[in-house]
Amino acid sequence: MRTVLIIDDNPAVGEALSLLLSLHDVRPLIALTPDEGLQMLGCESVDVVIQDMNFTADTTSGEEGVGLFRAIRERHADLPVILLTAWTHLETAVELVKAGAADYLAKPWDDTKLLATVENLLELSESTREVSRTRRERRKRRDALQRKYDLDGMVFASEAMARTLDLACQVARSDVPVLITGPNGAGKERIAAIVHANSSVKNGPFIAVNCGALPGELIEAELFGAEAGAYTGANKAREGRFELADGGTLFLDEIGNLPLPGQMKLLRVLETGQFERLGSGRTRKVKVRVLSATNADLKTMIRAGTFREDLYYRLNVIDVNLPPLSERIDDILPLAEHFLAGRAELNGAARDALLTYPWPGNVRELKNAIERATLLAGNGPITPEQLNLPQHAGVVAVRNLDEPSREVVESALHKAEGVVSRAAQSLGLSRQALYRRMERYGLISQ
């Protein structure tokens with residue numbers, strides 16, 4: 001049940017507030033001294049505190065109220081506190097609100113205003129607990145993944161990346177081909193390495209080939225090898241990547257760049273494990289786990305006749321999709337801190353700039369931005385100017401602040417350690433406006 005703790009040395013105040021709250025389905029608890037109030041907070045589940053500014057030891061200065069507020073803040077950083085104050089202590093109350101108090105009400109209070117304030121804070125407290133629960137569940141799932149699988153030091157915090165890694169590790173033990181899809185720079189090779197590290201051939205070699213980085217006429221020789229004289233400049237026989245990957249994993253990045261003759265040979269290897277080097281009639285046999293990746297629309301290429309449909313279905317037994325960095329905002333700051341490696345710190349404005357920039361170049365672009373900023377920062381904190389992100393990032397930032405996405409809201413709450421008022425301030429929203437968005441995105445239990 002929703003619970004409010006009233007800390008006031010005047011029993012009449014406690015009784016009046018207790019009756020008012022009880023009539024509105026709120027469980028009241030009453031403490032007559034600061035020590036009694038702090039003791040109750042240690043053993044009761046409390047959603048909101050209403051505290052006086054003066055107690056029996058000092059009836060004029062408000063110092064006891066300040067001390068109590070600070071003690072509550074130290075023990076319960078995100079617990080909403082309403083201050084009851086006489087007009088002589090208004091200035092002190094305002095200073096405490098700046099320090100994090102939820103609100104202040106002058107004595108004698110207005111019942112309607114007090115109830116409205118309490119109801120709003122109870123809703124915010126409920127939402128904070130739900131966000132904290134969601135954050136704990138995500139951390140628990142992340143820890144479980146790290147205990148169960150070899151994640152190769154992968155840095156992530158988003159639910160989207162957790163789902164991708166979970167799927168990748170689940171299919172790693174099978175021998176079926178895996179197609180990893182996602183934009184350039186998102187980390188597809190890292191996912192492939194994780195699949196290999198959790199596979200039955202993890203003790204074998206992991207060989208990566210970027211099909212988009214090789215001239216078309218050399219791709220077949222690179223994959224299948226070539227005999228001496230098979231093409232101009234082939235002075236001696238050479239092993240291909242399939243032979244080098246025998247007993248392990250071959251990762252074919254940008255598979256859409258493989259020419260049609262190479263696609264035909266690849267299909268045969270996938271089906272039989274057999275191939276011939278260029279310029280050779282001798283059939284060779286290998287046992288290789290094939291992983292492939294692309295940022296291209298292979299179905300469109302099939303319709304255009306530039307990619308074999310039978311090869312597509314052979315490669316795409318399992319599709320592991322890696323979302324762009326713009327769709328996993330929770331990963332941005334952990335990745336940035338990882339790339340910084342303690343060499344520098346990001347100031348608040350730089351963190352906001354990182355979170356609102358769309359990252360068309362994904363993780364690769366983020367790493368480059370951090371490396372550049374680290375060099376420019378010297379011994380000081382990194383600023384947005386040193387990140388030097390393209391100007392259109394500002395447009396995105398304004399849009400996100402006006403209507404932040406679910407990921408942006410979750411990231412702000414995570415950064416604020418679940419304190420709604422702090423998260424709202426970082427997003428440029430009121431607490432009530434942030435609460436409405438949390439409700440819309442399903443971050444609050446119904």
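Give the residue, chosen from Val46, Val13, Val66, Val26, that is touching a Ser or Thr at 6+ places or on another chain (Cβ under 6 Å) and modelled with pLDDT under 95. Give the derivation first.
Working: Val13 fails: touching a Ser or Thr at 6+ places or on another chain (Cβ under 6 Å); Val66 fails: touching a Ser or Thr at 6+ places or on another chain (Cβ under 6 Å); Val26 fails: touching a Ser or Thr at 6+ places or on another chain (Cβ under 6 Å).
Selected residue: Val46, the only one of Val46, Val13, Val66, Val26 that is touching a Ser or Thr at 6+ places or on another chain (Cβ under 6 Å) and modelled with pLDDT under 95.
Can you name every residue in the stretch 299-310 that is surrounded by fewer than 21 Cβ atoms within 10 Å (Cβ to Cβ) and either under 30 Å from the mean Cα position of the chain (by Cα) or not β-branched (Val, Ile, Thr) (or both)? Please lay out each step first, then the result.
Within the stretch 299-310, the first condition is being surrounded by fewer than 21 Cβ atoms within 10 Å (Cβ to Cβ), and the residues that meet it are 299-306, 308-310.
Once the filter is applied, which keeps residues that are surrounded by fewer than 21 Cβ atoms within 10 Å (Cβ to Cβ) and either under 30 Å from the mean Cα position of the chain (by Cα) or not β-branched (Val, Ile, Thr) (or both), the stretch 299-310 yields Lys299, Met301, Arg303, Ala304, Gly305, Arg308, Glu309, Asp310.
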Would you mention how many residues in the stretch 168-222 are open to solvent by 20 Å² or more (accessible area, probe 1.4 Å), farther than 12 Å from Leu291 by Cα, of a type in the set (A, V, I, L, M) and not in a helix (DSSP H, G or I)? 2
Please verify whether Arg268 is in contact with a Phe, Trp or Tyr (Cβ under 7 Å, 6 or more places away or on another chain), open to solvent by 60 Å² or more (accessible area, probe 1.4 Å) and either part of a helix (DSSP H, G or I) or in contact (Cβ under 8 Å) with a residue 24 or more places away in the chain (or both), treating the condition exactly as stated. yes
Could you figure out which of (1) in contact (Cβ under 8 Å) with a residue 24 or more places away in the chain; (2) out of contact with any Asp or Glu (no Cβ under 8 Å at 6 or more places or on another chain) isn't true of Asn198? (2)
Would it be correct to say that Asn316 is open to solvent by 70 Å² or more (accessible area, probe 1.4 Å) and touching a strand residue (DSSP E or B) at 6+ places or on another chain (Cβ under 7 Å)? no
Please tell me if Val290 is of a type in the set (Val, Ile, Thr) and either assigned to a helix (DSSP H, G or I) or farther than 22 Å from Lys188 by Cα (or both). no
Just to be sure, is Ala116 open to solvent by 40 Å² or more (accessible area, probe 1.4 Å), farther than 18 Å from Phe55 by Cβ and outside any loop (DSSP other than H, G, I, E, B)? yes
Test set (1) within 19 Å of the chain's Cα centre (by Cα); (2) within 22 Å of Ala193 (Cα to Cα); (3) of a type outside the set (A, V, I, L, M) - Arg314 fails condition number: (1)
Applying the selection to the stretch 152-167, what residues are in a loop (DSSP other than H, G, I, E, B) and open to solvent by 10 Å² or more (accessible area, probe 1.4 Å)? Asp152, Gly153, Met154, Val155, Phe156, Ala157
If you go through the stretch 382-429, how many residues are part of a loop (DSSP other than H, G, I, E, B), open to solvent by 80 Å² or more (accessible area, probe 1.4 Å) and modelled with pLDDT of 70 or more? 1
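Going by the conditions given, is Leu41 of a type in the set (A, V, I, L, M, F, W, C), modelled with pLDDT of 85 or more and open to solvent by 70 Å² or more (accessible area, probe 1.4 Å)?
Against the criterion (of a type in the set (A, V, I, L, M, F, W, C), modelled with pLDDT of 85 or more and open to solvent by 70 Å² or more (accessible area, probe 1.4 Å)), Leu41 does not qualify.
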Are any residues in the stretch 280-297 without any contact (Cβ under 8 Å) to a residue 60 or more places away in the chain and aliphatic (A, V, I, L, M), and if so, which ones? Val286, Val288, Ala296
Which of the helices (runs of 4 or more DSSP H) contained wholly in the stretch 325-381 include at least 2 residues that are at pLDDT 95 or above, open to solvent by less than 60 Å² (accessible area, probe 1.4 Å) and not polar (S, T, N, Q)? 332-340, 362-377
Here is a list of conditions, (1) assigned to a strand (DSSP E or B); (2) free of Cβ contacts under 8 Å to residues at least 12 places away in the same chain, and Val49 meets all of them except one; can you say which number that is? (2)
The condition from (1) open to solvent by less than 70 Å² (accessible area, probe 1.4 Å); (2) over 20 Å from Leu124 (Cβ atoms) that Gly100 misses is numbered (2)
Please give the number of the condition Tyr149 fails out of (1) touching a Cys at 6+ places or on another chain (Cβ under 6 Å); (2) under 17 Å from Leu443 (Cα atoms). (2)
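The values are calculated or read from the model by the stated rules, or taken from the named source; none is laboratory data. The model shown is predicted, which means the values in this text are computed figures rather than measured ones. Note that each Cβ is placed from the backbone with ideal geometry, even for glycine, and that neighbours are counted across all protein chains shown. Accessible surface is based on the protein model in full, side chains and every heavy atom, while ligands, DNA and RNA are left aside. Shrake-Rupley method; radii C 1.70, N 1.55, O 1.52, S 1.80 Å.
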